[in-house]
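Some notes on the structure that comes next.
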Amino acid sequence: MDIEFVAAGVAVSPKAALARIVFEGEAQTGPLAAAVAASRFTGAKGQTLDVLAPSGVDAARLVLVGAGKKDAFDTIGAEHAAASAYAAVKASGLETLRIELPEGAETAAHAALGVRLASYRFDKYRTKEPADKKPSVSRTEIVVADSDAAIAAFAPLAALADGVAFTRDLVSEPANILYPAEFAARVKALESLGLEVEILGEPEMMKLGMGSLLGVGQGSIRESQLAIVKWNGGKKGDQPIAFVGKGVCFDTGGISLKPADGMEDMKWDMGGAGAVAGLMHVLAGRKAKVNAIGILGLVENMPDGNAQRPGDVVTSMSGQTIEVINTDAEGRLVLADALWYCQDRFKPKFMVDLATLTGAIIISLGNDYAGCFSNNDELAGNLLAAAGAEGEPLWRMPLPDAYNKQIDSMIADVKNTGGRPGGSITAALFLKRFVNDLPWAHLDIASTAWKKPSTVPTIPDGATGYGVRLLNRMVQDKYES
Ligand code: BES
Ligand code: MN
Ligand code: ZN
């Protein structure tokens, strides 16, 4: 999508669609008043009214886009309104969309972000789609008085959109294409942005004693990988911040095999690692003034003659032994070693992990909220504030010590399942046993990594890229020098 910021006076192409953002109750004049009167359009959020352009408007068509109450309009409102405008005309056959909205460079920049996010599409495997079914709009003009200010305001948001698209691409890829080594290679390619990337294979992880992560990948012919991504945008020697992602490229459940129905969704089980990769992409793209580490635990969980069995005991890098009661509770086994490695090697200020960890978080919070578990109120507060500001809903969950007994093992230090009650909480308590005395938060994004159908105009159906925006915002607001 080409984005351009244009002054109001610049002639609009007669082949463009013109979208005008209007607020609830805002009166229209002339022929538009008649069109509105003949419809149910009130200017409520998300409404659109598509009319033939009245005489005097040099465009093929005109779309009124409702933006809700004027005093509640904010940058997210601008994104959503612009995204709704795009949705209304994307298949119109027209190539250009021009958006008129309330004045301000920041508003214009967020409208551009809204269109970028809404026009994301994963279509590389569609070989027979007729041209008249493909989106036609490839260029968006945003009307703004100070285009230089809008361009400047959009630069970091364009980096954000690029990072979100990178995450969505990774999450959308099928597991026969995106297996651990391929994921690692795509992350390695980000060195062109200025990131430093190290990849560890199974022999290196064996040497480090990562028996927990390696046990998960042991039934797969695809080699497990650990990707270590560094962004050094801060002062030399400044303690880094760190993000850790669950990257189960496919989760069959292993020997504790999942039912066939819906198993295809488990290609998305690398959404946490995908979000961390996307975040690092954004930090590099906008040259964030921070030192940040991303650790991706990349495995495939398969049933096989060599797969780990229920009841196996593995030794993690921390030295703690784990009884694997259910091979389908594999994400926590991957994270146990990835988290330990991260704190051991980098001594970060804090660690935030992201993981499509439990079905139970969907039962707890539904399809919009991710769960936040943390040993530190300040870090949790920063995450929740950033999530609110970016429109990525997040809810704090408890970490009661008393539930720890649910994961005590009869024969090892810990077991990898705690039963059905509080399944997301016992999963988080399991992770906590691999975190020393540093601020840590775990985001269970099983509920938000993908959406079908989506309910937000800036998120197309499928991979959402959830987490990239909120983490980027938190870094920007709280941790850049
Ligand atoms: N990847 C799944 C969690 C998941 C389930 C994500 C549904 C998205 C949608 C995870 O590895 C898993 O299988 N968790 C089990 C844990 C259980 C065996 C303790 C679960 O949630 O059922
Ligand atoms: Mn699983
Ligand atoms: Zn999983």
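Okay, here's what the table says:
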{"read-out": "Failed criterion for residue 169 (all others in (1) within 16 Å of ligand 2 (Cβ to nearest atom); (2) touching a Phe, Trp or Tyr at 6+ places or on another chain (Cβ under 9 Å) hold)", "value": "(1)"}
{"read-out": "Conditions (1) within 21 Å of the chain's Cα centre (by Cα); (2) closer than 18 Å to residue 307 by Cα; (3) within 14 Å of ligand 3 (Cβ to nearest atom); number of the one not met by residue 267", "value": "(2)"}
{"read-out": "Condition check for residue 297: in contact with a Leu (Cβ under 6 Å, 6 or more places away or on another chain) and either outside any loop (DSSP other than H, G, I, E, B) or not β-branched (Val, Ile, Thr) (or both)", "value": "yes"}
{"read-out": "Hits in region 409-436 (condition: among the hydroxyl-bearing types (Ser, Thr, Tyr), touching a residue at least 40 places away in the same chain (Cβ under 8 Å) and buried (at least 17 other Cβ atoms within 10 Å of the Cβ))", "value": "417, 424"}
{"read-out": "Test: residue 55 is in contact (Cβ under 8 Å) with a residue 60 or more places away in the chain and assigned to a loop (DSSP other than H, G, I, E, B)", "value": "no"}
{"read-out": "Which numbered condition residue 139 fails, given (1) within 20 Å of residue 460 (Cβ to Cβ); (2) open to solvent by less than 20 Å² (accessible area, probe 1.4 Å); (3) not hydroxyl-bearing (Ser, Thr, Tyr)", "value": "(2)"}
{"read-out": "Condition met for residue 368 (within 30 Å of residue 177 (Cβ to Cβ), among the acidic types (Asp, Glu) and modelled with pLDDT of 95 or more)", "value": "yes"}
{"read-out": "Unique match (being within 15 Å of residue 330 (Cα to Cα) and either part of a loop (DSSP other than H, G, I, E, B) or of a type in the set (Gly, Ala, Ser) (or both)) among 424, 409, 481", "value": "424"}
{"read-out": "Odd one out for residue 133 among (1) at pLDDT 95 or above; (2) open to solvent by 10 Å² or more (accessible area, probe 1.4 Å)", "value": "(1)"}
{"read-out": "Test set (1) modelled with pLDDT of 95 or more; (2) open to solvent by less than 40 Å² (accessible area, probe 1.4 Å); (3) outside any helix (DSSP H, G or I); (4) within 22 Å of residue 172 (Cα to Cα) - residue 117 fails condition number", "value": "(3)"}
{"read-out": "Strands (runs of 3 or more DSSP E) (entirely within region 186-284) containing at least 1 residues that are within 14 Å of ligand 1 (Cβ to nearest atom), open to solvent by less than 10 Å² (accessible area, probe 1.4 Å) and within 30 Å of residue 156 (Cα to Cα)", "value": "241-251"}
{"read-out": "Close pairs (8 angstrom Cβ cut-off, 6 or more residues apart or separate chains): of a type in the set (Gly, Ala, Ser) in region 94-109, open to solvent by less than 20 Å² (accessible area, probe 1.4 Å) and assigned to a loop (DSSP other than H, G, I, E, B) anywhere", "value": "104/144; 105/144; 108/144"}
{"read-out": "Of residues in region 355-405 being within 16 Å of ligand 2 (Cβ to nearest atom) and surrounded by fewer than 16 Cβ atoms within 10 Å (Cβ to Cβ), the one nearest to the chain's Cα centre (by Cα)", "value": "359"}
{"read-out": "Criterion: under 21 Å from residue 170 (Cα atoms) and either within 16 Å of ligand 2 (Cβ to nearest atom) or without any contact (Cβ under 8 Å) to a residue 12 or more places away in the chain (or both) - qualifying residue of 262, 274", "value": "262"}
{"read-out": "Total residues in region 331-344, condition open to solvent by 10 Å² or more (accessible area, probe 1.4 Å) and within 16 Å of ligand 2 (Cβ to nearest atom)", "value": "1"}
{"read-out": "Tally of residues being touching a strand residue (DSSP E or B) at 6+ places or on another chain (Cβ under 8 Å), acidic (Asp, Glu) and open to solvent by 20 Å² or more (accessible area, probe 1.4 Å) across region 301-330", "value": "3"}
{"read-out": "Some residue of region 195-215 being at pLDDT 95 or above, farther than 26 Å from residue 329 by Cβ and within 18 Å of the chain's Cα centre (by Cα)", "value": "no"}
{"read-out": "Residue list for region 436-456, filter: out of contact with any Phe, Trp or Tyr (no Cβ under 8 Å at 6 or more places or on another chain), part of a loop (DSSP other than H, G, I, E, B) and of a type outside the set (A, V, I, L, M, F, W, C)", "value": "436, 437, 452, 453, 454, 455"}
{"read-out": "For residue 352: the one exception among (1) touching a Leu at 6+ places or on another chain (Cβ under 7 Å); (2) closer than 24 Å to residue 395 by Cα; (3) surrounded by fewer than 22 Cβ atoms within 10 Å (Cβ to Cβ)", "value": "(3)"}
{"read-out": "Count - residues of region 62-84 that are in a helix (DSSP H, G or I) and under 23 Å from the mean Cα position of the chain (by Cα)", "value": "10"}
{"read-out": "Residue tally, condition buried (at least 16 other Cβ atoms within 10 Å of the Cβ) and either farther than 19 Å from residue 70 by Cα or touching an Asp or Glu at 6+ places or on another chain (Cβ under 7 Å) (or both), over region 32-41", "value": "2"}
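The values are calculated or read from the model by the stated rules, or taken from the named source; none is laboratory data. Since the structure is predicted, the reported quantities are computational estimates derived from the model, not experimental observations. Note that we place each Cβ from the backbone using ideal geometry, even for glycine, and neighbour counts take in every protein chain shown. Protein only, heavy atoms only, side chains kept; ligands, DNA and RNA dropped before computing areas. Shrake-Rupley method; radii C 1.70, N 1.55, O 1.52, S 1.80 Å.
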